[in-house]
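The values are calculated or read from the model by the stated rules, or taken from the named source; none is laboratory data. Everything numeric here is computed off the predicted structure, so don't read it as measured data. Please note: Cβ atoms are built from the backbone with ideal geometry, for glycine as well, and neighbour counts cover all protein chains shown.
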Amino acid sequence: FNPPPNFLWHNGQIKPWAEATVHVSVHALHYGSSVFEGVRAYETPQGAQIFRLQDHTDRLFHSARVYEIDMPYNEEEIRAACKQAVTANGLRSAYLRPIAFRGYGALGVYAEVPTEVSVLAFSWGSLLGKDALEHGVDVCVSSWQRCAPNTLPAMAKAGGNYLSSQLVTREAHRLGFHEGIALGANGLLSEGAGENLFLVMKGKLYTPPCSAGVLAGITRDSVMTLAADLGIETIERDMPRESLYFADEVFLTGTAAEITPVRSVDRKQVGRGGRGPITQRLQEAFFGLFNGRTEDRYGWLTPVSAE
Ligand code: PMP
């Protein structure tokens, strides 16, 4: 955080950033027992608006349910906290990080300790860089695979899952790539370390299904919806690794990564080696939601302030 934001929301109130501390014995630090979201607020002609806040809040509560993490606030309170975290910092656009975690009190794996909840809001450009949105990124297929079904549940967005993401992305960076794509436990394509994966073949979109051990990404869903509006079909289907090598276009989606084209996989060029035409059309439709060129037909935008 450079510089850190002034404020954040923590356990029910806005606090100075430096005051939101926890003890080193908190359960989540030891066992990964946190659930969280990544959400974005965009600057729009109507002021700052949060993208798909309701869906992100729903997913946070679903993740908490999987792990039996008691939520001391309801969905409406979490949505209000997200807005407050943005306004307290006077941000016009922001990356938001609501997080709920097992807190302080005992260290048994089965410990009933109070849940702490925070919402951070800060400025963050696209995950893989602004340049990446236009020119694309170089990725590799990771030597690390994702968790098998019914091990760590991929559809819950829990802190512990990001140990797998760290293995994938750190290996990729060590080898000189921008990001890594993991195969699922079945050896078929799953997702990036923190992004869903799309391939374009003969004018259609292909993406691994949620049964491939991927997070049901909200950007993934937005892209499929916008693609349908553009008359582009999406097929959710298992695909072998080599599909990446003959796809016409490949791109990654995520709240942080937005829609990032992939220009090479394992040093093999994808298509013409930059952003493909369908990827670009989808980016225009997506970013058009925030500059007013794409109509918000699905009520995806929530104003940060009531006015
Ligand atoms: N997969 C993983 C592992 C992620 O961490 C993310 C980012 N939340 C995504 C996919 C994309 O999800 P979303 O579009 O909801 O941000």
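The table below gives the values:
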read-out: Sole exception among (1) within 14 Å of the ligand (Cβ to nearest atom); (2) polar (S, T, N, Q); (3) at pLDDT below 95 for THR219, by number; value: (3)
read-out: Residue match in the range 157-170 (condition: part of a loop (DSSP other than H, G, I, E, B), at pLDDT 95 or above and not charged (D, E, K, R)); value: no
read-out: Entirely in the range 185-273, the strands (runs of 3 or more DSSP E) that have 1 or more residues that are surrounded by fewer than 22 Cβ atoms within 10 Å (Cβ to Cβ) and within 23 Å of the chain's Cα centre (by Cα); value: 204-207, 234-236, 258-265
read-out: Members of the range 9-46 found to be among the β-branched types (Val, Ile, Thr), assigned to a strand (DSSP E or B) and more than 16 Å from the ligand (Cβ to nearest atom), listed by number; value: ILE14, THR44
read-out: Any hit, the range 242-251, residues being of a type in the set (A, V, I, L, M, F, W, C) and within 16 Å of the ligand (Cβ to nearest atom); value: yes
read-out: Count - residues of the range 50-60 that are in contact with a Ser or Thr (Cβ under 6 Å, 6 or more places away or on another chain) and either in a strand (DSSP E or B) or near the ligand (Cβ under 9 Å from one of its atoms) (or both); value: 1
read-out: Qualifying residue in the range 108-117 (condition: touching a residue at least 24 places away in the same chain (Cβ under 8 Å), in the same structural domain as ARG65 (by TED's automatic domain parsing) and more than 21 Å from VAL66 (Cα to Cα)); value: no
read-out: ARG92 being among the charged types (D, E, K, R), more than 16 Å from the ligand (Cβ to nearest atom), surrounded by 13 or more Cβ atoms within 10 Å (Cβ to Cβ) and over 21 Å from MET155 (Cβ atoms); value: yes
read-out: Boolean, ASN150 is away from the ligand (no atom under 13 Å from the Cβ), polar (S, T, N, Q) and either assigned to a strand (DSSP E or B) or on the phi > 0 side of the Ramachandran plot (or both); value: yes
